[in-house]
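To start, the structure under review is shown below, and the notes come after it.
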Amino acid sequence: MRTLNSAIRLIFGFLWMAIASSVFMVLATLLMPFRVTRVKLCNWYGHIAGRSITWFAGVTPRVKHHERLQGSNPAIFVMNHTSTVDAFLGIWLCPIGACGVFKKEIVRVPFFGQLAWLSGHLLLDRFNREKAVETLSDAANFVKKNRLGIWIMPEGTRSKDGRLLPFKKGFVHLAIATGFPVVPVVIHGAHKNWVKGTFFSFTPMDLDIEILEPIDTSTWREESASAHADAVRAIFAARLPEDMQPAAVPGPPATPPPAASIEVAREPTPHAPGV
């Protein structure tokens with residue numbers, strides 16, 4: 001029964017997304033010469049379609065400190081990623097005047113992907129590092145010039161089990177290049193709603209979302225980018241429950257202590273009596 005209910009929700013959600021995307025595609029096409037306007041137009045699309053899809057997925061978001069989103073922009077908003085529903089939560093939460101970062105393959109998704117291509121938001125080629133670095137460099141110049149924020153998921157892919165993955169350094173480079181603060185957006189338990197690898201299986205739930213205070217990046221430096229990424233990841237880990245903590249990294253096998261040298265006392269050779 002739950003699978004049937006999920007399938008019905010998915011079908012209606014897809015139809016709604018298709019209609020909304022088609023309308024906004026027409027508007028975005030008319031605004032092709034005006035990228036900043038297209039970015040903001042599609043922010044409004046995200047606020048409408050993103051919230052609708054999360055509702056179809058049975059999610060009731062409970063956002064703590066929602067005011068920090070628009071109040072911190074322009075900023076680099078970083079969010080952990082454990083579920084398909086995160087993409088829709090992201091476009092719903094993303095403040096007006098912030099660019100989302102999407103993987104390039106998203107253009108294959110009917111309606112939604114074509115709108116992403118028209119939106120003026122950022123499409124990243126994850127499998128071409130040189131091209132990805134170039135895209136982020138261009139993005140930094142674009143958002144800094146136009147005072148736009150960036151919304152990014154620094155893990156780069158969904159966690160299979162909800163546990164926090166290592167953070168890539170792209171958001172650190174963006175923060176250094178723009179001088180914008182980093183705002184952590186902590187999602188609690190989305191992997192329990194729409195499990196990775198499933199299609200027709202939603203679990204209705206209340207979903208807690210925390211918007212943390214902006215992190216000043218004015219002293220960040222490129223040579224310590226890994227340390228900055230790890231420090232932000234540690235902030236996420238400190239807020240997440242036990243089942244979402246980073247998996248323990250197995251260390252090298254312990255070297256067994258050297259075997260103790262055991263001396264066996266040799267018994268004296270018995271002598272025949274009188275010999």
message: Per-residue counts of other Cβ atoms within 10 Å, averaged by peptide: what ranking do you get for 216-229, 73-86, 157-170, 130-143, highest first?
response: 73-86, 157-170, 130-143, 216-229
Kirkwood Rh in Å, taken over all unlike Cα pairs in the chain: 20.7
statement: For the stretch 2-241, the charge dipole (Cβ of Lys, Arg +1; Cβ of Asp, Glu -1; about the Cα centre) points to a positive end, and the Cα of Y45, L4, A234 closest to that extreme belongs to L4
field: GNM flexibility winner over the chain from A237, A49, A98 (Cα, springs under 10 Å)
entry: A237
message: Tell me the mean residue ellipticity at 222 nm calculated for the chain from its helices only (DSSP H runs of n ≥ 4, each -39500 (n - 2.57), averaged over every residue, nearest 500).
response: -12500 deg cm²/dmol
statement: The whole-number value in µm²/s of the Stokes-Einstein translational diffusion coefficient for the stretch 84-167, with Rh from the Kirkwood sum over alpha carbon pairs at 37 °C and 0.692 mPa s, is 239
- request: May I ask for the angle, rounded to the nearest 10°, between helix 225-239 and the longest principal axis of the chain, with both axes built from Cα atoms and the value confined to 0 to 90°?
  value: 90
query: the stretch 30-171: percent of C-alpha pairs farther apart than 25 Å?
result: 23
At q = 0.29 Å⁻¹, base-10 log of I(q)/I(0) for the stretch 101-148 (Debye sum, equal scatterers on each alpha carbon): -1.03
- prompt: Roughly what would the spin-label model give for R35 and I11, points 7 Å off Cα along C-beta, in nm?
  reply: 4.1
task: Please report, in debye to the nearest 20, how large the charge dipole of the stretch 39-137 is about its Cα centre when each Lys and Arg carries +1 at its beta carbon and each Asp and Glu carries -1 there.
output: 140
- line: With a ≥ b ≥ c from the Cα gyration tensor eigenvalues, square-rooted, and the rule rounded for a/c under 1.5, otherwise prolate when a/b > b/c and oblate otherwise, the stretch 4-71 is oblate
message: If I build a Gaussian network model for the chain, linking alpha-carbon pairs within less than 10 angstrom, which residue out of L93, L124, L30 has the largest mean-square fluctuation?
response: L30
query: Between I48 and S224, what length comes free when the chain is fully extended (0.36 nm per residue of separation minus the Cα-Cα distance, one decimal in nm)?
result: 59.5 nm
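Quick note: the coordinates plus some simple rules give every number you see, no bench work behind them. Since we're looking at a predicted model, the values are computed, not measured. Cβ: placed from backbone, ideal geometry, glycine included. Neighbour counts: every protein chain shown.
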